[in-house]
Amino acid sequence: MVEESPMNAQERILARIREALKVPAPKPGSHGHGGHGRDVAPAPVFAFQGRPVQVARSWLPPGGSTPQEHLTRFAAASAELKTDFRCVESEAEAHVQLRQIADSEGWARVASHHSPLTDAATTALARPTLFTDGGYVPDELEVCDVGITTCDVLVAQTGSLVVNSRTSGGRALSVLPPHHVVLARKDQLLGDLTDAFQRIEQLHGTHWPSMISLVTGPSRTGDIERILVLGAHGPKKLTVLMW
Amino acid sequence: MSNAAQQFLEAAGTITRNLRHRGLIQTALRKYEVARDRKKSAFNDWSAARQSAAETKWDAINHLDTYLTEFASKIEARGTKVHWCTTGPEARDTIRGIIKDAKAKCVVKSKAMTAEEIHLNEALEKDGFEVVESDLGEFIVQLRKEPPYHIVFPAMHLTRDEISDLFERELGSAPTREPEELTMIARRALRRKYIQADVGITGANFAIAETGMVSITENEGNARLTSALPRVMVTLLGIEKILPKLEDLALFLPLLATAGAGQTVTGYNTLYGGPRQPGESDGPIEWHVVLLDNRRTELLADPEQRDALHCIRCGACLNVCPIFRNVGGHTYGTTYSGPVGSVITPHLRGMQEWKHLSNASSLCGACTEACPVKIDLHHHLLQNRRNAVGDSPSWIERLAWRAHAFAVNTPALYQFGQEVARIVEPLRLRLQGTPLDPVKSWTRTRDLPPVAPESFKEWWRNRR
Ligand code: SF4
């Protein structure tokens, strides 16, 4: 048994874990081999050398290997997710599209954060803008029609994009307003999640933001009769403008 | 028979006759199956991906002490407070203390099965706090004052009409048949809550040791809002949620989403590494991570079933289980239902009280086949049956087996038995299923094979 008195809760739990782990467990993948005896530790059916996840990449849904394939896959995934993905020729063209969306949806108030891409876009939009950098009043963000942000990377395999709390305007900007617009450059689009996590580690590994979110499509729910509804609590619309 | 077993039988008896329930569940799960199969086929090799996930989780669980220590020290370095709790009441009291210290009035919560496990909401409501469930399904079952029906789809047992009636009664909204409109009613009701709440409570799907982060998977964005606006955040998670490395998520996020809901990846997969950091514009000032043991270490101490701690709570084994599909989630009377619940509940809450769950299985193995981390679920159900008998053998069964062994080892007695059986066979057929039948609980729904008119020995003799 484990002694109770002088240990704090952490030590107590760790001691129980160490005690339990003294008896080794059979490797996974040995279903039905070696009977059901308590002491049998059958050999696994097959096992990986090194870290399995590095090998696993090749078994996951593919992300494509060329930039063109990445684009095609990202577009296909976006269509399925109901993300409005627009790949345009230039930044100027992106601003034209942005103004069109703003007019058709009648944006009165815009929320964004400071960065080269978003500053240029909000200037082009020329509408009252709330910048979240350095703090804001939640009620003011709540009444904005759109949150415009940058992102770290986009993932072709899954149609996802990654925002974080330091360089994409905080935790709420990309999820509280009813429409989330992401501005991105083509070279931010990567093949698969393994690539994406590597890039995130390169970008932030020495100084992590408190939140990193992999966003895949607009907010959704299927909680009522498994019927898809967009905009459960987060944005009803997700637009990705890429050039 | 234990109380829990009695209740299980009664509830199962009622609900299996409820055709409306059956239709609802079959329709929902058929939709799930179609989506899941489509997403599975996008994998280059699904079974190899499962095997590598199983091995990654094996590594994590079999070095749990090392990884947990690494996780805690890294996440604390960014200003997070980590609480280690041995029991449910300890975790509950810890969280009650945090909320009192924060002088909170309103608490907003995103989906957390661990919170169900320790009955957190009841405790907080008793203390006088308003606790609002923000996940749509959880919000619905909270309004109905019942536990979630399924670990992933909490309101799967309800029709849109029932939900509309519920909203009309509880929220005063106009009746509607549109899921879209119903969702918007909940959206409007909850929006103010995120802004008003002082404390946000979340669960977690993974804890990354390498970087000291938790990962939360959701579709609606409610967990993101819960962890963005309130000034204090609490995250409750079981100690088994560990993954060694950040890159492991590249495998686990698609597996979880595909097996659990037939998605490539879930809508939002968010990593949290600390409270608001210097220079950030929002996020909680304080973040408390509560690590819960609650007898998980007992399961860890059983090497045969240790892999049950690999579970990522995707719900796939529930969805494919013929028992779950007929008796539904509430019949189990447990936080975790379906095959995985039947495996772990006896360990978490007592073998003798919950051993009946291992018999609520056809041992078809569909659960094991479906599990994305290859937990040997149906063998574990068999092992639980064996362990339950080993711990507390039933004398009547032992006597019966002794007598059987004696009879089949004594040829004269065996032959005599055959003769008797043949003579009473017509009588037995008459009595079968009637109140006079001594084994009627078996024969009521099953046939006993007829006694052969001649034994093999006789047949052989007559043919020579
Ligand atoms: S046991 Fe496997 S299939 Fe069942 S919920 Fe856990 S991970 Fe999913």
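The values are calculated or read from the model by the stated rules, or taken from the named source; none is laboratory data. Treat the numbers as computed from the prediction; the structure is a model and nothing was measured. Here Cβ is always computed from backbone atoms with ideal geometry, including for glycine, and neighbour counts include all displayed protein chains. Note: areas computed on protein heavy atoms with side chains; ligands, DNA, RNA excluded. Shrake-Rupley method; radii C 1.70, N 1.55, O 1.52, S 1.80 Å.
Any idea which residue in segment A:127-148 is nearest to B:E280 (Cα to Cα), counting only those that are facing chain B (nearest Cβ under 10 Å) and surrounded by 19 or more Cβ atoms within 10 Å (Cβ to Cβ)?
Selected residue: A:T132.
Evaluate the following for B:E180: is it within 16 Å of the ligand (Cβ to nearest atom), acidic (D, E) and surrounded by fewer than 21 Cβ atoms within 10 Å (Cβ to Cβ)?
Taking the combined requirement at face value, the residue does not satisfy it.
So how many residues does segment A:175-195 have that are farther than 14 Å from B:V265 by Cα, open to solvent by less than 20 Å² (accessible area, probe 1.4 Å) and within 9 Å of another protein chain (Cβ to nearest Cβ)?
Total satisfying the criteria: 2.
Among B:V131, B:V141, which is under 26 Å from B:I95 (Cα atoms) and within 13 Å of chain A (Cβ to nearest Cβ)?
B:V141
Could you please tell me which pairs satisfy a Cβ distance under 6 Å, a separation of 6+ or placement on different chains, a first residue in segment A:190-204 that is under 22 Å from A:A75 (Cβ atoms), and a second residue that is open to solvent by 50 Å² or more (accessible area, probe 1.4 Å)?
Cβ pairs passing all conditions: A:T194/A:R57.
From B:L68, B:L19, B:L29, B:L64, grab the single residue that is surrounded by fewer than 19 Cβ atoms within 10 Å (Cβ to Cβ) and hydrophobic (A, V, I, L, M, F, W, C).
Exactly one of B:L68, B:L19, B:L29, B:L64 is surrounded by fewer than 19 Cβ atoms within 10 Å (Cβ to Cβ) and hydrophobic (A, V, I, L, M, F, W, C), namely B:L19.
Taking into account only those residues within segment B:125-160 that are of a type in the set (F, W, Y) and in contact (Cβ under 8 Å) with a residue 60 or more places away in the chain, which is surrounded by the most Cβ atoms within 10 Å (Cβ to Cβ)? Even if it seems obvious, please write down each step before you answer.
Within segment B:125-160, the first condition is being of a type in the set (F, W, Y), and the residues that meet it are B:129, B:139, B:149, B:153.
Okay, now just the ones that are also in contact (Cβ under 8 Å) with a residue 60 or more places away in the chain, so B:149, B:153.
Numbers: B:Y149: 20, B:F153: 23.
In this case the residue turns out to be B:F153.
Of everything in segment B:227-258 that's within 22 Å of the chain's Cα centre (by Cα) and more than 21 Å from A:V215 (Cβ to Cβ), which residue is farthest from the ligand (Cβ to nearest atom)?
B:L236
Exactly one condition in (1) open to solvent by 10 Å² or more (accessible area, probe 1.4 Å); (2) modelled with pLDDT under 95 is not met by B:Y194; state its number.
All conditions pass for B:Y194, except number (1).
Pull up segment A:196-226, narrow it to residues that are open to solvent by less than 50 Å² (accessible area, probe 1.4 Å) and of a type in the set (V, I, T), then point me to the one that is nearest to B:I285 (Cα to Cα).
A:I212
Report yes if B:G200 is under 21 Å from A:P177 (Cβ atoms), open to solvent by less than 10 Å² (accessible area, probe 1.4 Å) and more than 8 Å from chain A (Cβ to nearest Cβ), otherwise no.
In short, yes.
Pull up segment B:276-299, narrow it to residues that are farther than 21 Å from B:A115 by Cα and facing another protein chain (nearest Cβ under 7 Å), then point me to the one that is nearest to the chain's Cα centre (by Cα).
Checking each candidate, the answer is B:G283.
If you scan segment A:91-126, which residues turn out to be open to solvent by less than 60 Å² (accessible area, probe 1.4 Å) and within 30 Å of B:Q277 (Cα to Cα)?
A:V110, A:A111, A:S112, A:H113, A:S115, A:L117, A:T118, A:D119, A:A120, A:A121, A:T122
List pairs: first residue in segment B:161-177 and on the phi < 0 side of the Ramachandran plot, second residue assigned to a helix (DSSP H, G or I) and of a type in the set (F, W, Y) anywhere in the structure, Cβ distance under 7 angstrom, at least six positions apart or on different chains.
B:S173/B:F167
Name the residue that is surrounded by the fewest Cβ atoms within 10 Å (Cβ to Cβ), counting only residues in segment B:234-268 that are at the interface with chain A (Cβ under 8 Å from one of its Cβ atoms) and charged (D, E, K, R).
B:K245
Go through segment A:152-172 residue by residue and tally those that are more than 8 Å from every other protein chain (Cβ to nearest Cβ) and either aliphatic (A, V, I, L, M) or open to solvent by 10 Å² or more (accessible area, probe 1.4 Å) (or both).
Start the filter on segment A:152-172 by keeping residues that are more than 8 Å from every other protein chain (Cβ to nearest Cβ), which leaves A:152-156, A:161-164, A:167-168.
Then drop every residue that is not either aliphatic (A, V, I, L, M) or open to solvent by 10 Å² or more (accessible area, probe 1.4 Å) (or both), which leaves A:152-156, A:161-163, A:167.
Total meeting the criteria: 9.
Could you tell me which residue of segment B:349-394 is farthest from the ligand (Cβ to nearest atom), considering only residues that are within 14 Å of chain A (Cβ to nearest Cβ) and among the polar types (S, T, N, Q)?
Only one residue tops the list, namely B:N387.
Condition (residue is in a loop (DSSP other than H, G, I, E, B) and among the acidic types (D, E)) applied to segment B:420-436: is it met by at least one residue?
no
List every residue pair whose Cβ atoms sit under 6 Å apart, with the two residues 6 or more apart in sequence or on different chains, where the first one lies in segment A:208-231 and is more than 7 Å from chain B (Cβ to nearest Cβ) and the second, anywhere, is of a type in the set (A, V, I, L, M) and assigned to a strand (DSSP E or B).
Short answer, once both residue conditions are applied: A:P218/A:L230; A:P218/A:L238.
Going residue by residue through segment B:49-56, is there one that turns out to be within 14 Å of chain A (Cβ to nearest Cβ), free of Cβ contacts under 8 Å to residues at least 40 places away in the same chain and out of contact with any Asp or Glu (no Cβ under 9 Å at 6 or more places or on another chain)? Even if it seems obvious, please write down each step before you answer.
Taking segment B:49-56 as the starting set, the residues that turn out to be within 14 Å of chain A (Cβ to nearest Cβ) are B:49-56.
Okay, now just the ones that are also free of Cβ contacts under 8 Å to residues at least 40 places away in the same chain, so B:55.
Add one more test, that the residue is out of contact with any Asp or Glu (no Cβ under 9 Å at 6 or more places or on another chain), and what stays is B:55.
Yes, segment B:49-56 has at least one match.
Working only within segment A:85-122, note down all residues that are out of contact with any Lys or Arg (no Cβ under 8 Å at 6 or more places or on another chain), of a type in the set (V, I, T) and under 20 Å from A:V143 (Cα atoms).
A:I101, A:T118, A:T122
Give me the helices (runs of 4 or more DSSP H) completely within segment B:289-348, filtered to those with at least 2 residues that are within 12 Å of the ligand (Cβ to nearest atom) and open to solvent by less than 10 Å² (accessible area, probe 1.4 Å), ordered by residue number. Full working, then the answer.
Values: elements: B:296-300, B:316-320, B:322-327.
Fully inside segment B:289-348 and qualifying: B:316-320.
Is there any pair with a first residue in segment B:314-340 that is touching a residue at least 24 places away in the same chain (Cβ under 8 Å) and a second that is among the β-branched types (V, I, T) and within 13 Å of the ligand (Cβ to nearest atom) whose Cβ atoms are under 6 Å apart and which are 6 or more apart or on different chains, and what are they?
B:G315/B:I151; B:G315/B:V152; B:C317/B:V340
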